[in-house]
Amino acid sequence: MPKDASSTRATILAAAVHTLQRGGVEGFSLDAIARRAGVVKGLILYHYASRNRLLRLAASQLAEARDAAITHALGTSPGTAGLDACWEVLRRQTEDGTTRAWLSLCGAGLIDRSARNAGFEGGARDAIVDGSAAALAAGVPLTDARDAYDALWLSLLEVTQQS
């Protein structure tokens, strides 16, 4: 009995995202995805036509999930509770490989943040979040990275309150 095509596509896409989280763009190969998804390479090409198309879709899914988790965390509670929740998201994303994948995608030019920033505050927020993620991925000690994270948020708060 044939498998449901949408289920197969979802399995392949999930395997592609997981492959990005483990090896970044450099480790993103059809062989690795096929092994992780439990399918043959030809089936990946049947459903997605090319490695680049699948990479763009996986990048988009990863970016959307990352941004949604950060936005949700920042919106969970006012003040420092939201910032604490955001920090935990960043820490978890570093552990699960999302940060590695994100940085790899940015380095490869597959993530464009320029159109997303509507103003100073949005751009500064993204810079704090992305810079903190990069520091965590680089292995900066957790307490040092957290101190910098807190200081940057406090600075942004001061600047925006003065405006």
- prompt: Using Cα atoms only, what is the angle between the long axis of helix 98-107 and the major principal axis of the chain, expressed in degrees (0 to 90) to the nearest 10?
  reply: 90
message: Test of understanding: in a Gaussian network model of the chain with alpha carbons linked when under 10 Å, which of Val129, Val140, Val25 would top the mean-square fluctuation ranking?
response: Val140
query: What residue among Gly131, Gly24, Gly139 has the largest mean-square fluctuation in a Gaussian network model of the chain, using Cα springs under 10 Å?
result: Gly139
field: Accessible area in square angstrom per residue, the chain, 1.4 angstrom probe
entry: 55
Between 0 and 90°, nearest 10: helix 142-162 axis offset from the chain longest Cα axis: 60
message: Distance between the C-alpha centers of region 72-151 and region 4-57? Whole Å please.
response: 26
- request: For region 39-163, with all protein chains present and a 1.4 Å probe, just round the carbon and sulfur fraction of the accessible area to a whole percent.
  value: 58
task: Normalise the Debye intensity by I(0) for the chain, one equal point scatterer per Cα, no solvent, then take log10 at q = 0.11, 0.13, 0.17, 0.21 Å⁻¹ and round to two decimals.
output: -0.51, -0.68, -1.00, -1.32
- prompt: With charges set only on the Cβ (+1 for Lys and Arg, -1 for Asp and Glu), what does the dipole of the chain come to about its Cα centre, in debye to the nearest 20?
  reply: 980
Between helix 51-76 and the chain: long-axis angle, C-alpha atoms, 0 to 90°, nearest 10: 30
task: Would you mind working out the magnitude of the charge dipole of region 13-107 relative to its Cα centre, with +1 at each Lys and Arg C-beta and -1 at each Asp and Glu C-beta, to the nearest 20 Debye?
output: 440
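The values are calculated or read from the model by the stated rules, or taken from the named source; none is laboratory data. Treat the numbers as computed from the prediction; the structure is a model and nothing was measured. Glycine gets a Cβ as well: all are built from the backbone with ideal geometry, and neighbour counts include every protein chain shown. Quick note on the areas: whole protein, heavy atoms, side chains included, nothing else; ligands and nucleic acids left out. Shrake-Rupley method; radii C 1.70, N 1.55, O 1.52, S 1.80 Å.
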